[in-house]
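Step one of this worksheet: look at the structure below.
The values are calculated or read from the model by the stated rules, or taken from the named source; none is laboratory data. Note that the coordinates shown come from a computational prediction; the quantities given were computed from them, not determined experimentally. Positions of Cβ are backbone-derived with ideal geometry, glycine not excepted, and every protein chain shown enters the neighbour counts.
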Amino acid sequence: MIRNACIRCLTVALLMGMSGCATPERTAEKFGKTFYLDGAGNWGFGASTVPSGLRDAGYRGDVEIYVWTTSLNPLIDQLNIPGAKLRAIALADRIKDYRRRFPDNELNIIALSAGTGVAVWAVEQLDAGTKIKNLVLLGSSLSHDYDASRALANMTGRIFTYHSEHDLILGGVNVIGTIDGKRGVESAGSVGLKTPTGMPGRVVNVAWTPRFIPSGWTGSHTDCTSKGFIQGFVARHVLSRHDVVRTGAASNGRAEHSRLAFGSD
């Protein structure tokens with residue numbers, strides 16, 4: 001009986017995780033909100049390093065891991081576009097709920113690989129009264145020519161796309177298909193995301209260079225979620241007036257490189 005009870009508890013916990021539901025009390029939400037979406041298969045890349053990297057950068061808001069996958073098999077999740085779009089609708093509902101409770105707070109999304117498609121589709125489901133600030137795409141498996149205009153219409157900030165020509169995983173995506181269902185097309189995580197017509201400056205593409213290596217991003221697919229890289233570069237896109245930026249010799253250098261690379265948020 002004890003064993004069966006444990007199994008039931010584990011099942012409930014897993015279902016709650018898949019639902020993307022927040023716990024009843026998330027006190028950090030009063031300072032802001034950032035959703036993080038892992039890639040296909042939900043193997044845990046960034047699940048601990050993204051929240052800890054943001055916190056170490058001075059972010060005081062809530063970081064919620066949103067689980068969108070339907071399996072532990074990356075290939076299945078990459079090709080299950082209808083399932084991914086359903087999870088995007090559920091994420092949009094989570095965003096709307098937060099906006100109702102904290103209408104004046106900033107809300108951002110960080111996503112990895114196939115999770116970037118879910119993030120973009122979720123933002124597309126919003127409306128003029130429910131906007132997010134910035135969207136950060138890491139190793140995105142969206143097609144590079146995906147039309148981001150609908151998502152940007154529901155944002156006050158920008159889409160920041162970190163891409164690398166050395167990402168071998170995305171080379172495979174070129175064959176099996178992007179998260180939005182295109183084959184033989186380069187991913188945004190390989191070459192950057194196309195800026196929609198009439199929206200200059202709203203998409204900021206940041207190409208990998210060896211200067212990112214000390215922070216943990218070697219140009220490969222998942223180490224862009226390393227704690228050092230999140231703290232030194234990605235965090236600046238979600239920091240708000242509530243946060244105290246923690247500086248040091250290394251972080252100052254990374255921040256300076258960030259300003260030179262793509263200016264102010």
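Just a few scattered comments:
Here is a yes/no grid of residues against (1) within 23 Å of Ile230 (Cβ to Cβ); (2) aliphatic (A, V, I, L, M); (3) under 14 Å from the mean Cα position of the chain (by Cα):
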| residue | (1), (2), (3) |
| --- | --- |
| Thr49 | yes, no, yes |
| Ser52 | yes, no, no |
| Asp56 | yes, no, no |
| Tyr59 | yes, no, no |
| Ser71 | no, no, no |
| Ile81 | no, yes, no |
| Leu86 | no, yes, no |
| Leu91 | yes, yes, yes |
| Lys96 | no, no, no |
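- Boolean, Gly58 is assigned to a loop (DSSP other than H, G, I, E, B), surrounded by 13 or more Cβ atoms within 10 Å (Cβ to Cβ), modelled with pLDDT under 95 and not polar (S, T, N, Q): no
- Residue pairs meeting the criteria (Cβ under 7 Å; at least 6 apart or on separate chains; first farther than 30 Å from Arg150 by Cβ, in the stretch 200-219; second among the hydrophobic types (A, V, I, L, M, F, W, C) and part of a strand (DSSP E or B)): none
- Every residue from the stretch 49-85 that is of a type in the set (S, T, N, Q) and free of Cβ contacts under 8 Å to residues at least 60 places away in the same chain: Thr69, Thr70, Ser71, Asn73, Asn80
- When Gly181 is tested against (1) crowded, with 17+ Cβ neighbours inside 10 Å; (2) in contact (Cβ under 8 Å) with a residue 60 or more places away in the chain; (3) within 23 Å of Ala151 (Cα to Cα), only condition (1) is not met.
- Among the residues of the stretch 37-61, those identified as within 12 Å of Ser113 (Cβ to Cβ) and not aliphatic (A, V, I, L, M) are Asp38, Gly39, Gly41, Asn42, Trp43, Phe45, Gly46.
- Test: Gly232 is in contact with a Lys or Arg (Cβ under 6 Å, 6 or more places away or on another chain), more than 26 Å from Ala92 (Cβ to Cβ) and not β-branched (Val, Ile, Thr): yes
- In the stretch 220-265, of all residues being of a type in the set (Asp, Glu) and part of a helix (DSSP H, G or I), the one that is modelled with the lowest pLDDT corresponds to Glu256.
- Scanning the stretch 92-111 for residues that are free of Cβ contacts under 8 Å to residues at least 60 places away in the same chain and assigned to a helix (DSSP H, G or I) returns Ala92, Asp93, Lys96, Asp97, Arg99, Arg100.
- Restricting Ala122, Ala88, Ala153 to those that are hydrophobic (A, V, I, L, M, F, W, C) and either surrounded by fewer than 20 Cβ atoms within 10 Å (Cβ to Cβ) or touching a residue at least 40 places away in the same chain (Cβ under 8 Å) (or both) reduces the list to Ala153.
- Selection count, the stretch 10-55, where residues are at pLDDT 85 or above and either of a type in the set (Phe, Trp, Tyr) or in a loop (DSSP other than H, G, I, E, B) (or both): 14
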